[in-house]
Amino acid sequence: MKAKKLALFSTILCYAVTQAENSPKNLRLKSYRIERRNVEVVYTDSDRVLVQGAIESDDMVIVDGIQQIVLGEIVHLAGF
């Protein structure tokens with residue numbers, strides 16, 4: 001497939017979930033807080049995006065339903 005052509009280093013908003021304070025160690029019960037991060041898109045293709053910025057390789061990001069999130073909200077992961 002052809003890669004999408006985006007301007008290099010386009011700054012976008014990314015929403016990540018980070019473990020909330022005093023959250024249990026059990027993955028099913030852990031609480032997470034929604035945070036906003038600024039990242040720059042370096043490259044995209046059909047199913048991957050290479051970014052740089054305020055996000056780490058093991059951070060979990062929200063990729064769907066972002067119109068329903070509230071910054072700072074405490075959430076639990078579904079499907080784990």
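Since every read-out is calculated from the coordinates, none of them should be taken as a lab result. Just so you know, these numbers come straight off a predicted model, no measurement behind them. Cβ atoms come from the backbone with ideal geometry, glycine included; neighbour counts cover every protein chain shown.
Quick look at the values:
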read-out: Spin-label pair Asn38/Asn22, simplified geometry with 7 Å Cα→Cβ offset, distance in nm; value: 3.3
read-out: Charge context of Tyr15, other residues only, Cβ under 13 angstrom, K/R +1, D/E -1; value: -1
read-out: Net lengthening on full extension, Gln68/Tyr15 (0.36 nm per residue, minus Cα-Cα); value: 17.9 nm
